[in-house]
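Data first, discussion second: the structure below is written as structure tokens.
The values are calculated or read from the model by the stated rules, or taken from the named source; none is laboratory data. This is a predicted model, so every value here is computed, not measured. We place every Cβ from the backbone using ideal geometry, glycine too, and count neighbours over all the protein chains shown.
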Amino acid sequence: MLTHSSMDVNTPPANADRIEEDPVAKSPPPATAGPTLTVLDGPACCPSGLSAPLARPAADELAHLLKAVADPARLQLLSLIGASERGEVCACDLTEPLGLSQPTVSHHLKILTEAGLLNRERRGTWAWFSIVPERLDEIAAVFR
């Protein structure tokens, strides 16, 4: 037969004299002079890159960024724009080197722009594109 014994929650355990207190847990947090600067090694979604487990929202954001560059035509676009002498290229000059139709090139440029990898500037009827170097650095930092 099982019996239920009552235990006083205010009574310390029998080995309470052997429990050591953590001195760090009692020390107050260090005083700061003002806001601290957080240095990001990876994209804003996952500043620690892949050196720490990713939460699902961060993984989704990183996957979206990587999907934008996970296409041969988009990688070619990034390399053509990045290698241009002026650092910018008119959309009209990108169809021939890629061997793709204008609507297809525009689609790829839109994806890269929405991912924050390209800047788009309208000049008259033409759109000019330039690389966002910080965004490429963020992709590279994920794998460092």
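Miscellaneous remarks
A quick yes/no check of all residues on (1) more than 22 Å from Ile131 (Cα to Cα); (2) modelled with pLDDT of 95 or more; (3) surrounded by 13 or more Cβ atoms within 10 Å (Cβ to Cβ):
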residue: Met1; (1), (2), (3): yes, no, no
residue: Pro13; (1), (2), (3): yes, no, no
residue: Ala25; (1), (2), (3): yes, no, no
residue: Pro29; (1), (2), (3): yes, no, no
residue: Pro35; (1), (2), (3): yes, no, no
residue: Cys45; (1), (2), (3): no, no, yes
residue: Leu54; (1), (2), (3): yes, no, yes
residue: Val89; (1), (2), (3): no, yes, yes
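- Pairs where the first residue, in segment 127-144, is under 18 Å from Glu61 (Cβ atoms) and small (Gly, Ala, Ser) and the second is exposed (fewer than 15 other Cβ atoms within 10 Å of the Cβ) and at pLDDT below 85, C-beta under 7 Å, 6+ apart: Ala141/Asp41
- For segment 62-121, a residue qualifies if it is over 24 Å from the mean Cα position of the chain (by Cα), among the hydrophobic types (A, V, I, L, M, F, W, C) and not in a helix (DSSP H, G or I), and the qualifying residues are Val89, Cys90, Leu94, Leu100.
- Within the option set Ala140, Ala127, Ala59, being surrounded by 14 or more Cβ atoms within 10 Å (Cβ to Cβ) and either of a type in the set (A, V, I, L, M) or within 22 Å of the chain's Cα centre (by Cα) (or both) holds for one residue only, Ala127.
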